[in-house]
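> I have a structure here, written as structure tokens, and I will follow up with some questions on it.
Readers should treat all values here as calculations from the given coordinates under stated rules, not as data from a laboratory. The structure presented is a predicted model; accordingly, all values stated were derived computationally and were not measured. Here the Cβ is made from the backbone with ideal geometry for all residues, glycine too, and neighbour counts use every protein chain on show.
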Amino acid sequence: MISMLADFFGWIMNYCYKIVPNYYLDIIIFTFITKVLQYPLSLWCHRNSLTMVALMPETNRLKVKFWGDNDRIGEESAALFKREHYHPMLSLVPLAVQIVILMGFVEVIYRITKSDPSALLARIPVKEGGVSWLMPLCAGAAAWFLGFCQNRINPLQREQTRAQQMTTNGISIGISLFLGCFVSFGVGLYWVFSNLFSILVQLACNWTMQPKKYIDYRALYRSKIELERMQESSRKNISKEDKKREKADYKRFFGIVNKHVVFYSESSGFYKYFKDIIAYLLEHSNIVIHYVTNDPKDQIFRIAETQPRIKPYYIGPTKIIPLMMKMDADMVVMTVPDLDKFHIKRSYVRKDIEYIYLVHGMTSMIMCTREGAYDNYDTLFLVGQHQIDEIIRTEEVYHTKKKKLIPCGYSLLDNLIADYRKMDKTPGKFKRILIAPSYQEGNILDSCLDTILDKICAPDRCVTVRPHPQYLRRYPQRIEEILRKYQDKVGENLVFETDFSSNSTIYTSDLLMTDWSGIAYEFSFATEKPTLFINTPMKVINPNYKKTGMVPTDISFRDQVGVSLDPEKLDNINDVVTDMLSNKEKYSSRIRELREKSVFNLGHGAEAGAKYILSSLLEKSKNRKKQ
């Protein structure tokens, strides 16, 4: 292919030489011709860049709306790009074409030099020295000038942050200096004028497709101000001490070699999923636990004060990106899906790290996370056979790599069951109903809370409304409106719970009411009490789940642990609630049977996961010794 390309380029060069018998001028003319031939491609990429800038007001508002939730921001942004036909990778196409042209042109220069030894086109600065060192300087200067101009005339690059512009320009200058030093003089000359002519190409694209006709710069400016305010507010919430602490912890983390296992947590609330596995590892081995968290107030720091083999590190959401890229450990355990798809990447330093996804719920693996959310993990710690079946089916349908599927169980449920068995179950003054919806659009709080409370509130009942933590985080204004509306009715019969530090309301409730929240199975499996499901719009994160041909457990389990009710049939909800409160026993055996069938290692979930970690680390150690 390169030979054929060189033949074509050689024909153009020969034609140019017949008109202008000067190799240096011919190279400049040749470079100009290639830019003309690439102009349709440049225009296509320019249109794609205009689309990106036109979408920036929406993407900025997504960052404000879902501040701190990188997965949701990524999900919503991907949907937006798909809707508007924006292709993030398209900007790499011109670079790929440029590399192909460069490879062909190197062969042309070689042929010219071979046929005409008097030509000085083959001089390479690092070999010849002398005046030829002017070439890398010219190449670097041309790249700098291109970056300087692009920061002002390229509609996409103009909207980048100063740091992004400096990074882009720095890479371009570095590549140009490198090429100028190690390629022949003729190729270097081509590269210099390729950069300079790129400025003319951008000006031509701007003239053909004027940015102001495609971009609402007023909307873009307003969205930038909103995002900057949010960023400033976030920065104020991080103290100088935490910044210093993060810097020190980052350095300390990479100052330790031979890290066997690293746990990564997004916030203090995720420790409950790791704690029993960590406890078993500490008791049954001598390994050191490295625990990285985005939360400066994570409870792990307090716990580590009495356990010297736990090494905690505070690394914020921004700094975690390079830390993960440079990760050096035998194993990393996380609860974050979509590894290597958004901001959390697999290590670029070590390719043999075993990445383990710890499932932290009994919900479906095909409907409740994005398509391909587990593709880049090596091992999955799964709760029950239904999850194993879903993963195997997904691998078959999409032909993805087979992962190690470990039948662990669910240690959080083990703890809920143990705690519930210990508590005092003496009947109280009221029948207790817990309303704990999910946070997707159309959930109970947004669609039918008023109707439900109007129907089920009674003097002999205490109704507790417990919004999902993500609902509080994303929709603070909505929850404020709800609290304002019911402020006169709040008392011993109606409670709004926004403090999630305790699970006592789960244990003490006689009936749970939810829509599509996974709390239903934690509640019913722990207490053996039923759940009343309101069939609001489904919480479907992966709309392509039907490709597997399987019915997600979030659908199939509903009528096994309680009763489902459509929002249109809420007129008789009080009768349904009364029946479920009065006849809890008829649901108990059904719930126990489902629990036994759908949860591995009941009572010993953490033990199964920890034993796998130890056996895998031992196997890795043996393999290293063999090598």
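> Quick check on region 93-201: what does the Kirkwood estimate of hydrodynamic radius come out to from the alpha carbon pairs, in Å?
Numbers: mean 1/r = 0.0683 Å⁻¹.
Hydrodynamic radius (Kirkwood, Cα only) of region 93-201 equals 14.7 Å.
> Rounded to the nearest whole Å³, what is the per residue volume of the convex hull around the Cα atoms of the chain? Intermediate values should be presented prior to the final figure.
Values: hull volume 130.3 nm³, N = 627.
It is 208 Å³ per residue.
> Now, a different point. Classify region 414-598 from the C-alpha gyration tensor, please: rounded if a/c falls under 1.5, else prolate or oblate depending on whether a/b exceeds b/c.
Details: a/c = 1.44, a/b = 1.07, b/c = 1.35.
Rounded is the answer for region 414-598, as its axis ratio a/c remains below 1.5.
> For the pair residue 404 and residue 258, what calculated FRET efficiency results from E = 1/(1 + (r/R0)^6), where r is the Cβ-Cβ distance and R0 = 35 Å, to the nearest 0.05? Write out the running numbers ahead of the final one.
Values: r = 23 Å, r/R0 = 0.66.
Step by step, r from the Cβ atoms, then E = 0.90.
> With a 10 Å Cβ neighbour count serving as the proxy for reagent exposure, in which order, fewest first, do 256, 321, 19 appear? Let's see the in-between values first.
Details: 256 13, 321 16, 19 9.
If I rank by nearby Cβ atoms, fewest first, I get 19, 256, 321.
> Report, in listed order, any pair from 431/539; 35/213; 259/311; 259/625; 243/297; 311/345 with a Cα-Cα distance greater than 20 Å. Please list the in-between numbers first.
Values: 431/539 29 Å; 35/213 25 Å; 259/311 11 Å; 259/625 17 Å; 243/297 13 Å; 311/345 22 Å.
Check vs 20 Å cut-off fails for 431/539; 35/213; 311/345.
> Once the convex hull of the C-alpha atoms of region 36-170 is built, how many Å³ does it hold per residue, rounded to a whole number?
On the way: hull volume 20.9 nm³, N = 135.
Per residue, the Cα convex hull of region 36-170 comes to 155 Å³.
> Using a cut-off of 19 Å between alpha-carbon atoms, which aspartates and glutamates can reach residue 341, once sequence neighbours fewer than 8 places away in the same chain are excluded?
69, 71, 75, 76, 266, 352, 354, 371, 375, 378, 395
> Based on Cα coordinates alone, diagonalise the gyration tensor for region 12-102, multiply each eigenvalue by 5, take square roots, and list the semi-axes in whole Å, largest first.
Working: eigenvalues 370, 24, 18 Å².
Here the semi-axes work out to 43, 11, 10 Å.
> Separate question: Starting from the Cα-Cα distance between residue 419 and residue 626, subtract it from 0.36 nm times their residue separation and give me the gain in nm to one decimal. Numbers along the way, then the final one.
Numbers: separation 207, 0.36 × 207 = 74.52 nm, distance 4.64 nm.
69.9 nm is the gain from fully extending residue 419 to residue 626.
> Pull up all non-local amide H partners of residue 462: gap of 5 or more, or a different chain, and H-to-H distance under 5 Å with H placed in the peptide plane.
431, 432, 433
> In region 162-312, if every C-alpha pair distance is counted and binned at 5 Å from zero, what percent goes to each bin?
2, 7, 9, 11, 10, 9, 8, 8, 10, 10, 7, 5, 3, 1
> What number, in nm² with one decimal, is the all-direction average of the projected area of the convex hull of the alpha-carbon atoms of region 240-409? Don't jump to the answer; show the numbers that get you there.
On the way: hull surface 39.7 nm².
If you wrap the Cα atoms of region 240-409 in a convex hull and average its projections, you get 9.9 nm².
> May I ask for the angle, rounded to the nearest 10°, between helix 573-582 and the longest principal axis of the chain, with both axes built from Cα atoms and the value confined to 0 to 90°?
That works out to roughly 60 degrees.
> Check which residues have an amide H placed less than 5 Å from residue 565's amide H, if you skip close sequence neighbours.
Long-range HN contacts for residue 565: 533, 534, 535.
> Taking H placed 1.01 Å from N in the peptide plane, check which residues at least 5 places from residue 376 or on another chain put their amide H under 5 Å from its amide H.
Long-range HN contacts for residue 376: 339.
> From the backbone phi of region 453-468, what are the Karplus-calculated ³J(HN,Hα) couplings (6.51 cos²θ - 1.76 cosθ + 1.60, θ = phi - 60°) in whole Hz, Gly and Pro given as x?
Residue by residue, region 453-468 yields 5, 4, 8, 9, 5, 8, x, 9, 10, 10, 9, 10, 9, 10, x, 5 Hz.
> Can you give the angle from 0 to 90° between the axis of helix 185-208 and the longest principal axis of the chain, with both taken from C-alpha atoms, to the nearest 10?
Computed tilt is about 60 degrees.
> Once phi is turned into ³J(HN,Hα) by the Karplus curve 6.51 cos²θ - 1.76 cosθ + 1.60 with θ = phi - 60°, what whole-Hz value does each residue of region 442-448 show in order, with x for glycine and proline?
Karplus-based 3J(HN,Hα) across region 442-448 equals x, 5, 3, 4, 8, 10, 8 Hz.
> To the nearest 10 degrees, how steeply does helix 411-422 sit against the main Cα axis of the chain, on a 0 to 90 scale?
It is inclined by approximately 20 degrees.
> In whole Hz, what ³J(HN,Hα) sequence does region 350-357 give by Karplus (6.51, -1.76, 1.60; θ = phi - 60°), x for Gly and Pro?
10, 8, 9, 5, 8, 9, 10, 9
> As a quick test, which of the pairs 63/455; 422/569; 82/319; 402/584; 63/244 have an alpha carbon distance above 32 angstrom in this structure?
On the way: 63/455 38 Å; 422/569 38 Å; 82/319 29 Å; 402/584 42 Å; 63/244 26 Å.
Listed pairs above 32 Å: 63/455; 422/569; 402/584.
> Among 85, 360, which comes first, second and so on when ranked by fewest other beta-carbon atoms within 10 Å?
Details: 85 9, 360 17.
In order of increasing Cβ crowding within 10 Å: 85, 360.
> For 457, 181, 205, what ranking results if the residue with the fewest other Cβ atoms within 10 Å of its Cβ goes first? Walk me through the numbers on the way to the answer.
On the way: 457 15, 181 19, 205 23.
Taking fewest neighbouring Cβ atoms as first place, the list is 457, 181, 205.
> Suppose we take every Cα in region 297-388 and form the convex hull; what volume per residue is that in Å³? Present the calculation step by step, with values, prior to reporting the outcome.
Details: hull volume 11.9 nm³, N = 92.
That works out to 129 Å³ per residue.
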